[in-house]
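Colleague: So that we are looking at the same thing, I have put the structure below in structure tokens.
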Amino acid sequence: MNDAEHLRRFEDHSLPREQWTHRAHLKVAYLYLNQFSLAETLERLRAGIQAYNAAQGIQDTPTGGYHETMTQVWLQLVYTTLRQCGPAESADAFFDAQTQLQSKRTPLLFYSRDRIMSPEAKRSFVPPDLAPLPLPLDKPGDG
């Protein structure tokens with residue numbers, strides 16, 4: 001599925017639930033970041049994931065459903081990588097090249113398991129307790 005189709009199917013909630021994977025989440029973040037500011041991407045991503053989950057019957061439970069801190073952490077990681085490495089010809093090409101984004105365990109470099117899996121972290125953003133999240137470096141030629 002190409003990028004436009006992936007984004008359309010996420011937004012209209014027709015992406016099959018079994019295809020709503022870690023990579024699918026990150027592809028949406030990447031595609032939005034190529035169109036919108038970081039702040040607008042966060043708002044679109046937050047609203048979009050919650051709407052998609054509701055449409056697919058994904059329950060918001062203490063251990064499942066939308067997770068605010070995870071959303072913000074992964075968005076920051078995709079944003080930083082995009083700023084440092086630049087876009088690719090497609091979202092899949094970007095993620096194939098950026099293997100550090102493929103492991104769902106990456107947030108544990110910054111957070112203890114107890115902190116990131118806490119009810120507070122699920123509900124609202126909590127800062128990391130092990131190491132700061134990376135800040136994007138300016139790309140060559142950026143001022």
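Colleague: How do the pairs read when you match residues in the stretch 103-114 that are under 20 Å from A24 (Cα atoms) with residues anywhere that are not polar (S, T, N, Q), using Cβ under 7 Å and keeping only pairs 6 or more apart or on different chains?
Modeller: K104/H22; T106/L77; P107/M70; P107/V73; P107/I116
Colleague: Which residues, counting only those in the stretch 20-41, are closer than 11 Å to L75 by Cβ and in contact with a Phe, Trp or Tyr (Cβ under 9 Å, 6 or more places away or on another chain)?
Modeller: Within the stretch 20-41, H25, L26, V28, A29, Y30, L33, L38, T41 qualify.
Colleague: Could you tell me which of the residues Q100, Q59 is over 15 Å from the mean Cα position of the chain (by Cα), modelled with pLDDT under 95 and either assigned to a helix (DSSP H, G or I) or not hydrophobic (A, V, I, L, M, F, W, C) (or both)?
Modeller: Answer to the selection: Q59.
Colleague: Listed residues L82, L108, L26; which is within 23 Å of A131 (Cβ to Cβ) and under 11 Å from the mean Cα position of the chain (by Cα)? Steps first, please.
Modeller: Numbers: L82 fails: under 11 Å from the mean Cα position of the chain (by Cα); L108 fails: under 11 Å from the mean Cα position of the chain (by Cα).
Of the residues listed, the single one that is within 23 Å of A131 (Cβ to Cβ) and under 11 Å from the mean Cα position of the chain (by Cα) is L26.
Colleague: Could you give me the residue pairs with C-beta distances under 6 Å whose first residue belongs to the stretch 64-76 and is in contact (Cβ under 8 Å) with a residue 24 or more places away in the chain, whose second residue is of a type in the set (F, W, Y) wherever it lies, and which are 6+ apart or on separate chains?
Modeller: E68/F125; T69/F125; Q72/F125
Colleague: Can you list residue pairs whose Cβ atoms sit under 6 Å apart, with the first residue in the stretch 82-100 being over 19 Å from T41 (Cα atoms) and the second being crowded, with 17+ Cβ neighbours inside 10 Å? Count only pairs 6 or more apart in sequence or on different chains.
Modeller: Once the first residue is over 19 Å from T41 (Cα atoms) and sits in the stretch 82-100, its partners that are crowded, with 17+ Cβ neighbours inside 10 Å give Q98/T81.
Colleague: Out of the stretch 1-20, which residues are surrounded by 12 or more Cβ atoms within 10 Å (Cβ to Cβ) and within 22 Å of T99 (Cα to Cα)?
Modeller: Once the filter is applied, which keeps residues that are surrounded by 12 or more Cβ atoms within 10 Å (Cβ to Cβ) and within 22 Å of T99 (Cα to Cα), the stretch 1-20 yields M1, D3, H6, L7, Q19, W20.
Colleague: Given the structure, is D114 in contact with a Phe, Trp or Tyr (Cβ under 7 Å, 6 or more places away or on another chain), exposed (fewer than 12 other Cβ atoms within 10 Å of the Cβ) and more than 24 Å from F10 (Cα to Cα)?
Modeller: Here the answer is no, as D114 does not meet what is asked.
The values are calculated or read from the model by the stated rules, or taken from the named source; none is laboratory data. Everything quoted here is computed from the prediction, not taken from an experiment. Counting neighbours? That spans all protein chains shown, and the Cβs are built from the backbone with ideal geometry, glycine included.
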